[in-house]
Structure formats: structure tokens, C-alpha cells
Amino acid sequence: MMYKIDLVVIGGGPAGLMAANTAAEAGAEVLLLERDGHLGGQLVKQTHKFFGSEKQHASVRGIDISTMLGDRLDSFGDRATVWKNATAIGFYEDGVITVDHDGVYKKVKPKRVVVATGASEKFLSFPNNDLPGIYGAGAVQTMMNVYGIRPGHRVLMIGAGNIGLIVSYQLMQAGVSVAAIVEGLPKIGGYAVHAGKVRRAGVPILTSHTILRADGQESVERATIARIDRTWNAIPETERTIECDVICISVGLTPLAELLWQAGCEMRYIPALGGSVPLRNDCLETTVKGVYVAGDVTGIEEASAAMVEGHLAGLEAAASLGFKSDSYDAERKDCMEQLTALRSGPTAEKIRTGLACTACL
Amino acid sequence: MGDRRITDHPILDFDEGEVIHFTFDGKPMEGREGDTIASALHANGVKVLGYHFKTKRPRGFYCAIGNCSACLMIVNGKSNVRTCTAPLLPGMVVETQSDRGVPDDV
Ligand SMILES: Cc1cc2nc3c(=O)[nH]c(=O)nc-3n(C[C@H](O)[C@H](O)[C@H](O)COP(=O)(O)OP(=O)(O)OC[C@H]3O[C@@H](n4cnc5c(N)ncnc54)[C@H](O)[C@@H]3O)c2cc1C
Ligand code: FES
């Protein structure tokens with residue numbers, strides 16, 4: 001059987017939730033597909049309060065934002081359907097999307113699609129990097145904040161970006177000790193507030209350091225780290241061993257864009273945005289007509305930007321089907337202004353340079 | 001290894017869900033309602049979920065959100081189950097996997 005619907009949104013993180021809400025609000029019939037058993041994407045594991053302005057729910061905890069957006073979607077009744085445990089596994093040139101929904105294979109043919117699949121964590125190569133006990137930072141966060149389970153007793157964190165810093169702090173909140181945070185660059189990438197919190201708790205942040213290897217029988221027992229020079233080569237005699245049962249890798253995210261490749265969207269490799277991203281116009285429509293994108297899949301940013309992009313993509317996808325409300329112009333203008341504001345500070349320079357390369361049409 | 005479950009947290013509340021019984025390589029184990037198979041195993045101190053089909057090196061989970069396939073195990077006789085996202089259900093028979101597994105009946 002082929003399901004037909006106005007709009008399918010793939011991914012129920014902040015971007016997808018906003019896209020689905022906005023399009024349903026405008027009057028479109030929406031189907032939201034989420035691979036997980038719950039909505040919220042990365043938000044569900046974020047227990048810290050958010051930055052940004054009030055519009056993007058600053059100072060609300062990530063988990064609460066996702067509940068709010070999920071409840072709002074429920075309020076549209078039949079107009080918005082949510083399939084959980086539903087993975088979009090294929091996106092074909094004739095516009096058909098195939099879905100594994102709770103083990104049942106389904107086909108959907110929507111008039112428009114918003115792809116909001118988010119990102120996946122990057123990995124690092126070093127000897128024995130496949131030992132059990134070496135986990136992505138997001139995985140550690142999921143174990144702790146979603147399932148309530150400590151990943152181990154003593155963690156070595158690799159990467160001092162915001163995620164590395166926040167997860168280190170959350171590990172301590174959960175009663176796990178953090179041996180050190182190792183960062184290859186000469187300075188800390190994350191915000192000073194987050195760095196301050198972990199430093200005050202006594203965790204050393206070792207910049208210009210890297211991990212050389214991990215060791216252990218069946219799982220991690222220790223790691224060897226060393227200071228590195230500007231060309232990232234280990235400086236002799238600076239090696240030291242750190243006892244730990246978990247090594248947490250937090251070296252960035254990369255867009256989860258397989259479905260866009262399959263759909264035939266034109267992609268470009270932009271390191272500043274984390275990997276290959278889709279070209280798109282200012283309505284967030286890709287080079288394949290009717291296929292829109294929002295959130296981390298368009299380039300790694302933050303939940304705040306993901307929500308605004310989701311709003312815009314939902315608004316435009318619905319409008320292109322004739323569901324254009326009186327507030328369309330005002331909403332569009334507001335989204336554009338919010339995105340400009342979010343991307344204006346010095347910390348967003350990398351994102352601005354990256355985005356300059358993504359324009360199509 | 002009960003100390004792996006977080007009971008005291010400054011922000012989050014983890015209510016004690018119903019106990020779920022399952023077996024891991026024949027050994028009886030307990031998980032909680034809301035666990036995935038991998039989270040329940042981890043709570044029981046099990047980090048090694050399988051062995052690489054060729055090198056036989058031990059494998060554990062990596063991403064915990066269904067992206068990477070590092071956590072494949074045999075569950076109720078079915079191989080290649082992503083245990084980091086598959087919910088734990090009562091009576092499950094969970095086994096380490098060390099080969100490529102067999103495809104599902106189609
Ligand atoms: C530790 C940490 C701290 C952070 N702190 C902040 C902060 O303070 N402020 C801030 O603004 N941002 C923060 N962020 C960033 C923010 O969480 C992300 O930028 C944001 O979640 C991206 O939203 P998204 O909707 O694009 O993707 P995601 O949240 O990743 O959601 C994507 C969803 O799509 C689903 N999916 C993927 N593939 C498929 C498929 N094929 N079929 C069906 N579903 C699929 C996934 O399961 C997931 O639920 C933080 C991130 C992390 C990891
Ligand atoms: S740990 Fe990555 S898919 Fe399960």
C-alpha cells in the first residue's frame with residue numbers, strides 16, 4: 001500500500017518538530033517519521049539550559065523543549081501523524097520514501113519532504129580505538145540522561161568543544177569522575193562558561209594534547225596521551241598514561257545526509273559545516289524540487305538555528321502547496337532575522353563562511 | 001554492579017521502573033522498564049556485546065542512537081539486532097554475536 005500525504009518530515013529533532021508544527025499550523029497534512037521510540041532528537045539528552053534568545057527557548061532545558069514541541073504537534077489532531085520507531089530507509093527518484101515502521105515495510109509518496117535527519121558523531125583513529133569502553137560523547141550522554149546509567153567510573157574526554165565540555169560536566173553530575181579533557185588545538189573550542197564549570201570542579205583541560213593509543217584486555221583500562229606540536233606530531237617524552245575505563249570521543253559531528261544523496265540532491269563538501277551538505281535556496285529547498293532541508297543535516301550548528309530552519313522549511317513547504325496563511329510574510333521575515341542574529345557573533349564566523357558556499361539557484 | 005544505575009541526580013529523576021528479566025549468554029539478568037538491550041547490559045556491567053566476525057576483536061556500542069551498527073547482537077535467535085535502540089522486553093534471550101549472522105526470512 002502507498003501512503004499519500006501533503007508533507008513528510010524525516011526526523012523528529014528540534015528541526016523536524018518545528019517543520020511539522022509549522023506546516024500543520026498552516027493547514028497541510030503532515031506525517032513525521034522518527035527512527036527512535038521518542039521525539040526530540042539530540043534535545044532529549046540535554047539537561048542544561050540553552051543559550052540564545054527567548055524565541056528559541058533560551059534558559060529552558062533541552063528535554064523540556066522537546067516535550068513542548070511534541071505536545072503542540074498532538075494538538076493538531078488528524079492533521080499531524082507521528083510514526084515513532086520509523087526509519088526512512090530509502091528515498092527514490094520518483095519521490096517514494098520507504099520506511100521500516102516497527103519492523104513493517106511501508107511506502108509513502110508525499111507531495112513535499114523536509115529532511116531533518118540531524119548529524120552523526122565523528123570518530124578518531126588511534127591504535128585500539130575499537131575497544132569496548134570507547135564511546136561517542138552523545139552515546140555517553142544518552143546512557144546517562146535518557147537511561148540513567150553511568151558509562152563507567154573514570155572517563156578520559158577527547159575534545160574540548162561545547163559537547164565535550166558539557167558532557168564532562170554532566171558526567172560529574174552523575175557521579176562519574178573525569179580524569180582530563182584532551183584537546184588537540186592550542187585553545188579550547190567551547191564557550192568559556194562551560195570550560196569554567198569543569199575547571200572549577202578540578203578537571204584539567206589539556207590543550208595541544210592528543211590521545212596516542214588505548215589499551216586493555218577486553219575493554220579500556222588505560223590511555224596514553226602526549227603533547228603535540230603545531231603540526232600535530234607527538235613531542236617525545238611528553239607521553240603519559242591515564243587510567244580510565246571509558247574514553248569519550250567528542251571531535252565533532254557530521255551531517256547525516258545519506259537520504260539526500262540518494263534523492264539526487266546536489267551536495268558540496270564544506271569542512272566548516274562538518275562535511276557534505278546539500279545546496280539550497282533561501283526557502284531551504286534543495287536542487288531536487290519539493291525536497292527541503294533543516295537543522296544539522298544542512299551543516300552543524302545548534303538547536304536554536306535548527307528550530308528556526310525547521311520553522312522556515314515547514315512554512316515554505318506548506319506555502320508551495322497553497323497553504324499560505326496571513327502571517328506568512330511576517331513569519332518568513334522573522335525567521336530570516338533570527339537566523340541572521342544567531343549567526344552574527346564572532347563564534348559563528350566559521351558557520352558564516354561555510355554557509356556562503358551553500359547557496360544554489 | 002547495581003552502582004551503575006544513577007539514583008541521585010541534581011536535575012533528573014529516574015523512577016525505578018518495573019524489573020524486566022532476560023538472559024545474556026544463558027545467564028539470568030535484570031533490566032528495567034525503559035531500558036534498551038544495550039543499556040540493560042551496561043547496567044549489569046557487560047561492555048562486550050560481540051566479536052568482530054573476522055578479527056574476533058571485542059566490540060561494544062559506540063553511538064547509542066542507531067547510527068553505527070557497533071552493537072549488533074543475537075536476540076531471540078535473530079542476528080544483527082541493533083541493541084542500542086531495541087527496547088528490552090521480558091524474557092528476551094540475548095547472545096553475543098561473532099559472525100556475520102544470518103539474514104531474516106523474507
Ligand atoms: C551535548 C550537546 C549539547 C548541545 N548544546 C546546545 C545548546 O546549548 N544550545 C543549542 O542551541 N544547541 C545545542 N546542541 C546542538 C543541538 O542539540 C543540535 O544542533 C540539534 O539537536 C540539531 O537538531 P536537528 O533536528 O537538526 O537534529 P537532531 O536533534 O539530531 O534530530 C534528528 C532526528 O532525526 C532522526 N532520524 C535520523 N535519521 C532518520 C531516518 N532515516 N528516519 C527517521 N528518523 C531519522 C534521529 O533519530 C533524530 O531524532 C547541543 C548538542 C549536543 C550533542
Ligand atoms: S551503538 Fe551505534 S548503532 Fe548501536
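A few notes on this one:
- In the context of the full set of protein chains, residues of the protein assembly as shown present 45 Å² of accessible surface per residue (probe radius 1.4 Å, heavy atoms only).
- Cβ charges +1 (Lys, Arg) and -1 (Asp, Glu), total dipole of chain B, debye: 780
- All-pairs Cα distance distribution in the range B:43-86, expressed in whole percent, bin size 5 Å: 5, 24, 29, 30, 12, 1
- Look at where the Cα atoms of the range A:99-162 and of the range A:1-32 average out, and the two centres are 24 Å apart.
- Neighbourhood charge, 13 Å Cβ-Cβ cut-off, centred on residue A:128 and excluding it, Lys, Arg +1 and Asp, Glu -1: 0
- Threshold 50 Å², the range A:26-41 residues less accessible with all protein chains present than alone (1.4 Å probe): A:35
- Cβ-derived FRET efficiency at R0 22 Å, residue A:281 paired with residue A:340, nearest 0.05: 0.85
- Ordering A:339, A:321, A:43 by the projection of their Cα atoms onto the charge dipole of the protein assembly as shown, which places +1 on the Cβ of Lys and Arg and -1 on the Cβ of Asp and Glu, puts A:339 at the extreme positive end.
- Accessible surface of residue A:67 - all protein chains present, 1.4 Å probe, nearest 10 Å²: 80
- Shielding of B:3-11 by partner chains, average beta-carbon count, 10 Å: 6
- Sequence-distant residues sharing a close amide H with residue B:52 (under 5 Å, placed H): B:57, B:59
- Only protein atoms count toward the accessible area here, which uses a 1.4 Å probe; on the protein assembly as shown, the carbon and sulfur part of that area reaches 51 percent.
- Base-10 log of normalised Debye intensity for the protein assembly as shown (one unit scatterer per alpha-carbon) at q = 0.11, 0.12 Å⁻¹: -0.92, -1.09
- 0 to 90° range, to nearest 10: angle between helix A:14-26 axis and chain A longest Cα axis: 10
- In chain A, the longest principal axis of the Cα atoms and the axis of helix A:162-173 are about 70 degrees apart.
- Stretch gain in nm, segment residue A:222-residue A:124, where the contour uses 0.36 nm per residue and the Cα spacing is subtracted: 33.6 nm
- Relative to the dominant Cα principal axis of chain A, helix A:303-320 is inclined by about 20°.
- Protein accessible surface hidden between B and A, which excludes ligands and nucleic acids, total in Å², probe 1.4 Å: 3100
- Mean separation of Cα contacts under 8 Å, 6 or more apart, over the residue count of chain A: relative contact order %: 20
- Chain B pair-distance distribution - Cα-Cα, 5 Å bins, rounded %: 2, 13, 22, 24, 19, 11, 5, 3, 1, 0
- The antiparallel fraction among DSSP beta bridges confined to chain A stands at about 50%.
- Residues losing 40 Å² or more accessible surface upon assembly, the range B:52-85, compared with the chain by itself, 1.4 Å: B:57, B:58, B:61, B:62, B:64, B:65, B:67
- For residue A:328 and residue A:289, a Förster radius of 22 Å and the Cβ-Cβ distance give a FRET efficiency of 0.65, rounded to the nearest 0.05.
- Entries of A:289/A:350; A:84/B:27; A:122/A:197; A:4/A:107 with Cα pairs more than 20 Å apart: A:289/A:350; A:84/B:27; A:122/A:197
- Per-residue accessible area (protein heavy atoms, 1.4 Å probe) orders B:79, A:320 as A:320, B:79, starting from the largest.
- Cα lying deepest toward the dipole's positive end in chain B, options B:58, B:22, B:39, charges on Cβ: B:58
- Average beta carbon contacts from partner chains per residue of B:32-41, 10 Å cutoff: 3
- In the range A:174-217, comparing the full protein assembly with the chain on its own, the residues that lose 10 Å² or more of accessible surface at a 1.4 Å probe are A:174.
- Alpha carbon Rg of the range A:129-189, scaled by the compact-globule rule 2.2 N^0.38 Å: 1.07
- Antiparallel bridges, percent of DSSP beta bridges restricted to chain B (to nearest 5): 80
- Highest to lowest packing among B:61-71, A:220-230, A:253-263, scored as the average C-beta count within 10 Å: B:61-71, A:253-263, A:220-230
- Separation of the residue A:266 and residue A:199 label points, Cα + 7 Å toward Cβ, nm: 4.6
- Euclidean distance of C-alpha centroids, the range B:41-55 and the range A:326-361, integer Å: 44
- Diagonalising the gyration tensor over the Cα atoms of the range A:68-210 and scaling each eigenvalue by 5 before taking the square root yields semi-axes of 38, 19, 16 Å, largest first.
The values are calculated or read from the model by the stated rules, or taken from the named source; none is laboratory data. If you're wondering where the values come from, they're calculated on a predicted model, not measured in any experiment. Quick reminder, even Gly has a Cβ in these numbers, built from the backbone with ideal geometry, and neighbours come from all protein chains shown. For the accessible areas, the whole protein counts, side chains as well, though only heavy atoms, and no ligand, DNA or RNA atoms are used. Shrake-Rupley method; radii C 1.70, N 1.55, O 1.52, S 1.80 Å.
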